[in-house]
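First the structure, in the form of structure tokens, and then the observations on it.
The values are calculated or read from the model by the stated rules, or taken from the named source; none is laboratory data. Everything numeric in this text was worked out from a predicted model, so none of it was measured. SASA here: full protein model, heavy atoms, side chains in, ligands and nucleic acids out. Shrake-Rupley method; radii C 1.70, N 1.55, O 1.52, S 1.80 Å.
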Amino acid sequence: MSGLVSFLALWGACLGLTALCWRMGGEPERRAAGMLLAAYAVSLVLGGVRIEGVKLAVVAADVLLAAGLVWLSLSYRRWWLLVAAANAVLVVIAHVTVFLEPSIHQRAYIAYRMLPGLAIPLAAGFGAWERWLAGEPASAGWLRMRPA
């Protein structure tokens, strides 16, 4: 039961931080939020196929997320993008490590992916919060509340 509670808390925190990025963020925060939501959706919907205990859809989503965050970090001058991209690359390294050494215990593999995976939406949330503290406007666009 505690495993389910921690899983739901993890997903709730990630989705909450992603929503914060969408609501308060500028263009890079919103792009990262879209990438995170796409990676979450692919991982949940297509996460059943496994090879050597590794879910292929999760690996593909994490590789594409890392590539997208590296591209964003090279395109925008935001410190949090470097942190998020570095952590996404660490998650990909975790996948590669399990492919190269399949005898790694499953819990170690999950823990190795979890901490950097949590740091990605956390860094994006800090980026959106920093934008708000600096008084920079959030990106205008759809799903943006307008004052009455």
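Estimated at the nearest 10 Å², the accessible area of I104 is 60 Å² with a 1.4 Å probe. Counting only protein heavy atoms and a probe of 1.4 Å, the accessible surface of region 21-139 is 71% carbon and sulfur. What the phi angles of region 126-131 give under the Karplus curve with 6.51, -1.76 and 1.60, with θ = phi - 60°, is a coupling list of 5, x, 5, 5, 4, 4 Hz, glycine and proline written as x.
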